[in-house]
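One structure is given here, and the rest of the page talks about it.
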Amino acid sequence: MSEQNLQSQTVQTTGHAWDGDLQEFNNPLPTWWVYTFYVTIVFSIVYWLIYPSWPIGKSFLTGFSDITYVNKAGETVTSHWNTRALLMADLNKAEEMQKPYFSKVAANDFEQIAKDPELSGFVLSAGKALFTENCAPCHQQGGQGVIGFFPNLTDDDWLYGGSYDKIHETLVNGRRGYMPAFGEVLNAGEIDALANYVASLSGIAHDAGKAASGRVLFTSETAACYYCHTDSAKGRQDMGAPNLTDKIWLWADVPGAEKAEDKIAAIRSTIITGVNKGVMPAWGERLSPEQIKVLTVYVHELGGGK
Amino acid sequence: MRINFKHEWIETNIGLMLVLTMLAISVGGLVEIAPLFFIKKTVENVEGINVRPYTPLELRGRDIYIREGCYTCHSQMIRPFVDEKLRYGHYSLAAESQYDHPFQWGSKRTGPDLARVGGKYSNEWHVQHLIAPRSMVPESVMPNYPWLMQLLDQSDIANRMKALRAVGVPYSLTEAEREANVKKFGAEVAAMLHIADAKKNLVEQANLGNYDGDRAGVSEMDALVAYLQVLGTMVDFTKVDADELVRSR
């Protein structure tokens, strides 16, 4: 141990020297630190008394603090402090705050909600939040949909109907569109004729001769397209069969094709494969009746409501 | 003999310090963790909760979920907070992951919590989303998993179930175990949990559900989507007394 260390007289060292003269002080802990340490020990004892803490046998100390909340049945329940009880109490508060709006939503019909300036403002913000979380992954943030997968909700073309009641029905029960595959029922010529006919309905350049025979097939018993899409091909909303006479497409990627022949090919392949993947989940069990009402008005107001 | 204890003994004796540190930590762990295995209420035993083990197909889906590291971005634990309840639904129960070995709770949420994702989307959406997330959600940062369309290796399904059985999951090997499952879960579920029929059950469920939209063979996608679609759907909370759940904590 090097004796020339000046401070070694006043401050204790660990008694070990490295490299000849490197030493380590051995100061006592600062008083404030020691007392803070004692305070944390006292704090933890108080904490044990207030909150659930020590296990004893097959149970545990529940602590002296408790929480009171009102349950679904309207009864007041008191429980020892725990995060679940805390959530129930917090939900009571959140419901209290939302009540002025949600009880109005529950009490009014769709038109009244849309007309009332205060409520429609609420629907717009709450509806947007609900839509973003639950619907946007499929129908996209603005409701514009994805061709080949999910319908556009902003236009006035509806598979199942754009009235408040129909939209509400869609949301509560979900939907599942089904068109059979015709690839093995009809021959290539017939399918081509039908595709040309369907193309002709929305003004796509087509072969007039094929379209004429397609028209006959469309309403014949062989193809029986008319059964779902109707004689006029304007569709049947009770079956989710779309209007084929407008320029709006969901399953056949007509807008994505540039040349008329590619557009017809897209229609052809839809007829061949049919459509059996349009699944709109049911929300009746996932969302509350008020939330679904808010979403109904929100979707209706996206632009296409009827 | 008087023992004159000095803290320096520990500080200057690294071996002793190591042993004592480990002792202190183990006491903490024993007091905090071990009792949970003995306190009956840990796994909620409340009327209306009857969680079943995964079917063979779902189980393989879960293994793929773990293999692909989905848990590095997704938790499966809805905490009892208002905002989580509003976004994800009812808070997760311990009972819901009682057959999960290892559990997938986690706390890292680059993507949303998946504890109740079952039924939220269609199979079609999941398939597209897993192959190319940005085709469904343009701003997503989730990686593409195109290889999930490859065929599922079903050869070791019975062994996987046996391994879980060894840690307490009630997959049945014997007739007595099978009958116990019929009592507990009903005949239909019990048939699914019988190890001898694992492969047959796996293929049947995949064919019936056609989760990946492709009839040719059972793919890893079939298994993963079957798993995702069952997450959080086993408890019908309209049939469970919410106050009982509070009381079990």
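Specify the inter-centroid distance of region B:76-90 and region B:144-169, based on alpha-carbon positions, in whole Å.
30
Which order results if B:Y65, B:Y71, B:Y171 are arranged by neighbouring Cβ count within 10 Å, fewest first?
Values: B:Y65 20, B:Y71 17, B:Y171 25.
Ordered by Cβ neighbours within 10 Å, fewest first: B:Y71, B:Y65, B:Y171.
Taking Cα atoms, how many degrees apart are the long axis of helix A:164-173 and the longest axis of chain A, rounded to 10 and kept between 0 and 90?
Between helix and principal axis, roughly 60 degrees.
Defining a contact as two alpha carbons under 8 Å apart and six or more residues distant in sequence, what relative contact order in percent does chain A show?
Result for chain A is 18 percent.
For region B:136-203, which GluC sites (Glu not before Pro) are both in a DSSP coil and crowded by at most 13 other Cβ atoms within 10 Å?
Values: sites: B:E139, B:E175, B:E177, B:E179, B:E188; in loops: B:E139.
Qualifying residues, ordered by number: B:E139.
Would you mind checking A:K72/A:K99; A:K99/A:K128; A:K234/A:K293 for any pair whose Cα atoms are more than 21 angstrom apart?
Correct reply: A:K234/A:K293.
With point charges of +1 on the Cβ of Lys and Arg and -1 on the Cβ of Asp and Glu, referenced to the Cα centre of region B:11-137, which listed residue (B:I131, B:P53, B:G118) lies farthest in the positive direction of the dipole?
So the residue we want is B:I131.
Sorting A:L91, A:L194 on the 10 Å Cβ count, fewest up front, what's the list?
Lowest to highest Cβ neighbour count: A:L91, A:L194.
If region A:175-280 were replaced by its equivalent ellipsoid, with semi-axes equal to the square roots of 5 times the Cα gyration tensor eigenvalues, what would those be, largest first, whole Å?
Each semi-axis is the square root of five times an eigenvalue, giving 19, 16, 13 Å.
With 27 Å as the cut-off, how large is the P(r) tail for chain A, expressed as percent of Cα-Cα pairs? Before the final figure, lay out the partial values.
On the way: 30048 of 46665 pairs.
Everything past 27 Å amounts to 64 percent.
Need the list of lysines near A:K58 for cross-linking: C-alpha distance under 18 angstrom, and skip anything on the same chain fewer than eight residues off.
The reachable lysines, counting only those whose Cα sits under 18 Å from A:K58, are B:K40, B:K41.
Which of A:W33, A:W158, A:W283 ends up with the largest GNM mean-square fluctuation for chain A, with Cα atoms connected below 10 Å?
Maximum fluctuation in the GNM of chain A, among the listed residues, is at A:W33.
Per DSSP H run of at least 4 residues, take -39500 (n - 2.57); add these up for chain A, divide by its residues and hand me the 222 nm value, nearest 500 deg cm²/dmol.
-14000 deg cm²/dmol
Where in region A:73-104 does the amide nitrogen come within less than 14 Å of the point 7 Å from the Cα of A:E290, taken along Cα to Cβ?
Correct set: A:91-104.
Anything in chain B that counts as a DSSP H helix reaching 20 Å or more along its axis (C-alpha) with Kyte-Doolittle mean of at least 0.0? List them, would you?
Helices meeting the span and hydropathy rule in chain B are B:14-32.
Cross-link list A:K104/A:K277; A:K93/B:K108; B:K108/B:K184; B:K85/B:K183: which exceed 31 angstrom alpha carbon to alpha carbon?
Details: A:K104/A:K277 37 Å; A:K93/B:K108 28 Å; B:K108/B:K184 35 Å; B:K85/B:K183 33 Å.
Cα-Cα > 31 Å for A:K104/A:K277; B:K108/B:K184; B:K85/B:K183; rest within.
Which whole-angstrom value gives the distance between the alpha carbon centres of region A:48-62 and region A:161-204?
Here the two parts' Cα centres lie 63 Å apart.
Report the calculated FRET efficiency for A:K115 and A:T219 (r = Cβ-Cβ distance, R0 = 60 Å), to the nearest 0.05.
Efficiency, from the Cβ-Cβ distance: 0.90.
Go ahead and set up a Gaussian network model of chain B, Cα springs under 10 Å, then flag whichever of B:Q205, B:Q104, B:Q150 fluctuates most.
Among B:Q205, B:Q104, B:Q150, the largest mean-square fluctuation in the Gaussian network model of chain B belongs to B:Q150.
Just rank B:E220, A:E221, fewest to most, by other beta-carbon atoms within 10 angstrom.
Result, fewest neighbours first: A:E221, B:E220.
Compactness ratio of chain B: Cα Rg over 2.2 N^0.38 Å, N = residue count?
1.25
With a cut-off of 8 Å between alpha carbons and a minimum separation of six or more residues, what is the relative contact order of region A:175-280 in percent?
39
Can you give the calculated 222 nm mean residue ellipticity of chain B, where each DSSP H run of n ≥ 4 adds -39,500 (n - 2.57) and the sum is split over every residue, rounded to the nearest 500 deg cm²/dmol?
Taking each H run of at least 4 residues, the total per residue is -13000 deg cm²/dmol.
Can you tell which of A:S120, A:S53, A:S232 shows the greatest fluctuation in a Gaussian network model of chain A with Cα springs below 10 Å?
Judging by the Gaussian network model, the answer is A:S53.
Using alpha-carbon positions, what is the distance between the centroids of region B:118-133 and region A:77-126, in Å?
31
Residues of region A:95-136 with backbone nitrogen within less than 11 Å of a virtual label 7 Å along the Cα-to-Cβ line of B:V82, please, listed as ranges.
A:95-99
Working from the pairwise distances between different alpha carbons, so that the mean of 1/r is found and then inverted, what is the protein assembly as shown's Kirkwood radius in Å?
Working: mean 1/r = 0.0346 Å⁻¹.
Mean inverse Cα-Cα distance, inverted, gives 28.9 Å.
Kirkwood Rh and Cα-based Rg: tell me the resulting Rg over Rh for region A:34-135, rounded to two decimals.
When Rh is taken as the Kirkwood radius, the ratio is 1.24.
Averaged over peptide B:117-129, how many Cβ atoms belonging to another chain are found within 10 Å of each residue's Cβ? Walk me through the numbers before you get to the answer.
Numbers: counts 0, 0, 6, 6, 5, 10, 2, 7, 7, 0, 1, 5, 2.
Partner-chain Cβ atoms within 10 Å, mean over residues of B:117-129: 4.
If the reach is capped at under 15 angstrom between alpha carbons, list the aspartates and glutamates near B:K199, excluding any in the same chain fewer than eight residues apart.
Reachable aspartates and glutamates: B:E58, B:D153, B:D156, B:E220, B:D222.
Any read-out appearing in this document is the output of simple, stated calculations on the displayed coordinates, not a laboratory observation. As the structure is a computational prediction, the values presented were derived from the model and not from experiment. Neighbour counts run over all protein chains shown; Cβ positions are idealised from the backbone, glycine included.
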